[in-house]
Amino acid sequence: MAVRHFGIDEACHDLLPENRGVFYSYEGSLTTKADEDNDETVSWVIFREPMWVDRDTLGEFVGLGHQAKKSQELNRWFVFTSFVPPG
């Protein structure tokens with residue numbers, strides 16, 4: 001399966017890190033401000049292995065004008081891991 005992402009055709013598996021078994025996950029909300037049409041809960045997955053994008057691709061994303069919410073307190077959110085953290 002291929003996706004079109006910022007004008008670049010890539011296979012979906014190429015958009016993910018090689019080690020997809022080590023990650024954090026939590027239930028949260030969309031990164032944009034919620035409104036009546038947009039109050040969904042989202043399952044977030046954050047891979048432990050970082051992925052890098054080049055400066056041009058990042059610039060294209062920023063140029064889309066994404067209006068992200070500010071970071072929020074953890075409060076009663078539960079963050080899960082697929083591994084046992086050291087320590």
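Only the coordinates and a few stated rules stand behind these numbers; no lab work does. These figures come from a predicted structure and were not determined experimentally. Cβ coordinates were reconstructed from backbone atoms using ideal geometry, including for glycine residues, and neighbour counts include every protein chain displayed.
Give me SER82, SER43 ranked fewest to most by other Cβ atoms within 10 Å of their Cβ, as a rough exposure proxy.
On the way: SER82 13, SER43 8.
The most exposed by this proxy come first: SER43, SER82.
Computed on alpha carbon atoms, what radius of gyration and Dmax characterise region 19-81, expressed in Å?
My reading of the Cα-based Rg and Dmax gives 14.2, 37 Å.
Order of TRP44, TRP52, TRP77 from fewest to most other C-beta atoms within 10 Å?
Working: TRP44 15, TRP52 6, TRP77 11.
Fewest to most other Cβ atoms nearby, the residues stand as TRP52, TRP77, TRP44.
Could you give each residue of region 48-56 its phi-based ³J(HN,Hα) in whole Hz, using Karplus coefficients 6.51, -1.76, 1.60 with θ = phi - 60°, and x for Gly or Pro?
Those phi angles translate into 5, 7, x, 10, 10, 10, 7, 4, 5 Hz.
Quick check on the exposure proxy: order THR41, THR31, THR57 from fewest to most C-beta atoms within 10 angstrom.
On the way: THR41 8, THR31 11, THR57 14.
Result, fewest neighbours first: THR41, THR31, THR57.
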